[in-house]
Amino acid sequence: MDLNEAEGLADLLSAETEWQRRAAAKMFGGAFSAAIEEYRQEVLRLSALTEAELDFSDEGDVDSQNNKLITNGCEDMQQKIAQLLASPPAEKLKDGLRVVLAGPPNSGKSTLLNALVGREAAIVSDIAGTTRDMIEVPVSVEGVALLFTDTAGLRDDSADVIERIGIDRSHAAMQQADILLWLGPEGAGPIHANLIEISAKSDVTNSMAKSAGAISVSAQTGAGISALLHFVATRAKTLLPPPDQFAINARQRAFLADAAAALAACSESEDWLIIAENLRQARLALDALTGRAHTEDLLDTVFGKFCVGK
């Protein structure tokens, strides 16, 4: 078992959703480690070609096209690693996607939060500014971990210092949201890639009207709540790694980024010594990923996360 598989086992044991379990099983099963070993073997091949250029470039059996092979090989490897780095991080699976409810005071955010999570998590009243700080509730919807976040109502005329702090935090939460449920006037929400217009209080005749594109809900009657949860879960699944693939964590991303940077430096240089050193750095980064070069990391994972010897 290498370091990645040990981390996958730890994630598998702590998985709380089906999505987390499947991704952890892929990591524990060695899918990521197999990919890294394939990259490592390619780096070794490129290193051998580079050493041949350094030591035996005047020999007749050394291919004069090695420089092109090495450059193309480094570029191909860098592109493969870049694809991995572009995938959604494992932390989104573990911590849950942040779903933020935002809008003006008395727009129904806290009531809707309670309906979505199925319990009285937020205080509800008709007094504007009741919610002054963020309320976070983790839930699992259709096998996906979500973190629903209620925020202070947005308004510009508050003279209350504490409420103003809450409003500032609301703006920060909206910027950090993976999915934003907007309960304010249609089109008045912030620019966000995953903003969902919500027509709350659909049971109230004088409620804020929105177009057919908005999702109508009533926290009081329960109308539209299941549909909204399904819609959010469907949108969330597009932001997560596919369920049949592994997800890489922050440690793995850091070493992959180091390897990609070293490979990029290879393709930008014509000095064989510099290319050889950068390939060595890339190989060290890949070795560190599996624990091959850092055995203590593997031991720390095994003894730190599992009940070994207890």
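The values are calculated or read from the model by the stated rules, or taken from the named source; none is laboratory data. Computed from a prediction, not measured in an experiment: that's the story for all the values here. Cβ placement follows ideal geometry from the backbone for every residue including glycine, while neighbour counts extend to all protein chains displayed. Surface accessibility is based on the protein's heavy atoms, side chains included, excluding ligands, DNA and RNA. Shrake-Rupley method; radii C 1.70, N 1.55, O 1.52, S 1.80 Å.
Observations on the structure shown:
- Only one of the listed residues (212, 261, 257) is over 20 Å from the mean Cα position of the chain (by Cα), modelled with pLDDT of 95 or more and open to solvent by 10 Å² or more (accessible area, probe 1.4 Å). That residue is 261.
- Meets criteria (crowded, with 18+ Cβ neighbours inside 10 Å, out of contact with any Cys (no Cβ under 6 Å at 6 or more places or on another chain), modelled with pLDDT under 90 and in a loop (DSSP other than H, G, I, E, B)) for residue 187: no
- For region 82-100, a residue qualifies if it is closer than 23 Å to residue 229 by Cβ and of a type in the set (A, V, I, L, M), and the qualifying residues are 93, 97, 99, 100.
- Taken over region 166-184, the residue count meeting the criterion of being in contact with a His (Cβ under 8 Å, 6 or more places away or on another chain) and either at pLDDT below 90 or in a helix (DSSP H, G or I) (or both) is 1.
- Filter result (of a type outside the set (Gly, Ala, Ser) and open to solvent by 10 Å² or more (accessible area, probe 1.4 Å)) within region 74-92: 75, 76, 78, 79, 80, 83, 84, 85, 88, 89, 91, 92
- Residues in region 228-242 that are of a type outside the set (S, T, N, Q) and open to solvent by 40 Å² or more (accessible area, probe 1.4 Å): 6 in all.
- Cross-chain or 6+ apart pairs with Cβ under 6 Å, region 215-235 first and touching a residue at least 12 places away in the same chain (Cβ under 8 Å) and over 15 Å from residue 180 (Cβ atoms), then part of a helix (DSSP H, G or I) and of a type in the set (S, T, N, Q): 219/111
- Among the residues of region 159-184, the ones that are open to solvent by 60 Å² or more (accessible area, probe 1.4 Å) and touching a residue at least 24 places away in the same chain (Cβ under 8 Å) come to 4 in all.
- Condition met for residue 252 (at pLDDT 90 or above and within 27 Å of the chain's Cα centre (by Cα)): yes
- Some residue of region 131-145 being more than 30 Å from residue 22 (Cβ to Cβ), touching an Asp or Glu at 6+ places or on another chain (Cβ under 6 Å), open to solvent by 30 Å² or more (accessible area, probe 1.4 Å) and assigned to a loop (DSSP other than H, G, I, E, B): yes
- Qualifying residue in region 95-104 (condition: at pLDDT 85 or above, open to solvent by less than 50 Å² (accessible area, probe 1.4 Å) and either among the β-branched types (Val, Ile, Thr) or assigned to a helix (DSSP H, G or I) (or both)): yes
- Taking region 253-276 as the range and being without any contact (Cβ under 8 Å) to a residue 60 or more places away in the chain, out of contact with any Leu (no Cβ under 9 Å at 6 or more places or on another chain) and not in a loop (DSSP other than H, G, I, E, B) as the test, the residues that pass are 254, 261, 265, 268, 274.
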